[in-house]
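The values are calculated or read from the model by the stated rules, or taken from the named source; none is laboratory data. All of these numbers come straight from a predicted model, not from anything done at the bench. With ideal geometry, Cβ positions are generated from the backbone for all residues, glycine too; neighbour counts draw on all protein chains shown. Note: accessible area is taken over every heavy atom of the protein model, side chains too, but ligands, DNA and RNA are not part of it. Shrake-Rupley method; radii C 1.70, N 1.55, O 1.52, S 1.80 Å.
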Amino acid sequence: MKSLFKKDGDVSLPAKIRKPSTMHVYQKSIFLFFFFLVLIGCNIKKKQVSEYTGFEVGIVADCQYCNCEAAGVRHYRKSPGRLRQAVNTFNERALEYAIHLGDFIDRNFESYDSVTPIWNGLKSKKYHVLGNHDFSVADSLKPLIFEKMNIKDRYYSVVKNDWRFIVLDGNDLSVHGALTEDKRQQTDSLFNHISSKDMPNLKEWNGGLGHGQLAWIEDELRLATEQGQRVGFYCHFPALGEEQAHNLWNYEQLLAIIDKYDCVKFYFNGHNHAGSYVQRNGVHYLNFKGMVDTEDSSSFATVTFLKDSLLVKGYGREPSRSLKIK
């Protein structure tokens, strides 16, 4: 048989190179086509898995500690142990963040020194919402509570995983938390307005949202809509509940804004220690139970964010629930 190869020094080279047949080229093209289809499919699958991977946050409401005797169902001295239990539970999980929904203390500035180190033991990021009792300190010390709670702005937003979380300051206009003359004037005006309407939430331990904060909320919701983000609110005071006595003074103004935006999916709060749940126009209004209440039980939760639902895992008195979202 005639050799197809010839010698060229120490290297063997083909004497003649044949062109591949048309059939061979066709088969190779088909192979490459299906190979690239497989690669594209894998990339799409990876993207879908990444897009729909859930994340989890920790929720505590009304730790409300002070070194005080129990009053009714509120057992203030038990709060540090309960908060430590919540932090230990949260640290066992890979949380995106944890948030306390207001009333970190019940009274007295030195109360912060007992519970802040426990909260700071969280491995995850952590946030605070301002509650009415957080201002139950001497007037001269009120400007210092923001540093104690590591709060840079009284209301703010956090963007994570295509969600915009809007943290409200329901003490913006309030008897206890209005710290400037302008805010005190707005507080008096709003309080007098709802006094004329004889509303059930006309309580000095409630509060309201100022003009600037309401305008900021609308800006945040427009921005979320433009960027295709879902929105969740955190506040100490309810905007809606099974009863109205704990609501923000001007909750109707806030609801009128929320109702205009399909991007809003939930509103989480504390303040009413008994807890509450209401759904309105596809928005879940969930009032978490107060940690400080009862002699022998706690209350806190984790919430897992999935593509089509929020899974609330309750601990202690807080019930678990599945909240569907679109």
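Overview of values
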| read-out | value |
| --- | --- |
| Accessible surface of the stretch 183-326 [probe 1.4 Å, protein heavy atoms]: carbon and sulfur percent | 48 |
| List ARG77, ARG154, ordered by accessible area with a 1.4 Å probe, largest first | ARG77, ARG154 |
| Computed accessible area, ARG222, all protein chains, 1.4 angstrom probe, square angstrom | 110 |
| Positive minus negative residues near LYS152 (Lys, Arg vs Asp, Glu; Cβ under 14 Å) | +1 |
| For q = 0.10, 0.11, 0.23 Å⁻¹, Debye-computed log10 I/I(0) when each Cα of the stretch 169-271 counts as one equal scatterer | -0.27, -0.33, -1.25 |
| The stretch 229-321, relative contact order [Cα under 8 Å, separation at least 6], % | 21 |
| Neighbourhood charge, 11 Å Cβ-Cβ cut-off, centred on HIS100 and excluding it, Lys, Arg +1 and Asp, Glu -1 | -2 |
| For the stretch 236-326: accessible area per residue (Å², 1.4 Å) | 37 |
| By average C-beta atoms within 10 angstrom, highest first, the peptides 197-205, 238-246 | 238-246, 197-205 |
| Residue pairs, from the table LYS125/LYS160; LYS265/LYS307; LYS152/LYS203; LYS125/LYS152; LYS142/LYS183; LYS260/LYS289, whose Cα atoms sit over 19 Å apart | LYS152/LYS203; LYS260/LYS289 |
